[in-house]
Amino acid sequence: MFYVYRVYDIVRIPPEMFDRPLKEAALISLREKYEGTIDKELGLILAVFDVNVSEEGTIIHGDGATYHDAEFSMLTFKPLIKEVVEGEVVEITDFGAFVNLGPLDALTHKSQILDDVLMYDSRRGALIGKETKKILEKGDLVRIRIIAVSASLSNKVMKIGATMRQPFLGKLEWIREDLERIYGKKEEKKKSKKK
């Protein structure tokens, strides 16, 4: 989900940064160019660091800036389809829950939360199962599987869709209850066989 890449590019140093050390000016220019952008292969670029820049640059006619070869590292965030992650519910709406994954939120549509009909309680800000009476609200910790990722390079927007409707996914409390129910039954069977 988080990656560090080593990248090579040409960095433009504008004249207003000529009074700064070259490495510092290159770092500022590269951060302005890349941080917060989305790349199809790399994902969301979170940070640029560890810059090595060539002392020798090029001047292009009509542009007062210098251009230098640069090598630098990027920290990126790229969610993968079928990846299982844990996060905190940060918002509940009538159509689903938003789960924070660090730099971005994933949407889990209410049809993907439980094998139950969910009702939205606007006063409480919660989704409640009609049959199971299970409650999902802001602040709950959940385990989800990523099922869709779409990125708009022009708008710098990445959308993530997720599900909780698979075994051992959902609110962590629900998972613990399921595990206790499963392993509790196995222990009972072992004890009855010994008698």
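Every number in this text was worked out from the coordinates using simple rules, so none of it is lab data. Remember, it's a predicted structure, so these values are computed and weren't measured experimentally. Methodologically, a virtual Cβ is constructed for each residue, glycine included, from the backbone with ideal geometry; neighbour enumeration extends over all protein chains shown.
Rounding to the nearest 10 and keeping the result within 0 to 90°, find how far the Cα-based axis of helix 22-34 lies from the longest principal axis of the chain.
That helix lies at roughly 50 degrees to the long axis.
Among 127-135, 16-24, 92-100, what's the highest-first ranking by average C-beta atoms within 10 angstrom per residue?
Listed from highest to lowest mean packing, they are 92-100, 127-135, 16-24.
Would you calculate the separation in nanometres between label points at residue 37 and residue 120, each defined as 7 Å from the Cα along the Cα-to-beta-carbon direction?
3.7 nm
Tell me, in nm to one decimal, what length is gained between residue 18 and residue 3 on full extension, where the rule is 0.36 nm per residue of separation less the Cα-Cα distance?
The span from residue 18 to residue 3 would gain 2.2 nm if fully extended.
Of the listed values [x] 0.94; [y] 1.50; [z] 1.02, identify the label whose number matches Cα Rg over 2.2 N^0.38 Å calculated from this model.
Read-out from the structure maps to [y].
Just to be sure I understand: with springs between alpha-carbon atoms less than 10 Å apart, which residue in 35, 91, 173 has the highest mean-square fluctuation in the Gaussian network model of the chain?
173
Which angle between 0 and 90 degrees, to the nearest 10, do you get for helix 172-194 versus the longest principal axis of the chain when only C-alpha atoms count?
With rounding to tens, the tilt is 40 degrees.
Along each of the three principal axes of the Cα atoms of the range 84-172, give the extent in whole Å, ordering the values from largest to smallest.
43, 29, 19
Evaluate E = 1/(1 + (r/R0)^6) for residue 54 and residue 75, where r is the Cβ-Cβ distance and R0 equals 25 Å; express this FRET efficiency to the nearest 0.05.
FRET efficiency, residue 54 to residue 75: 0.65.
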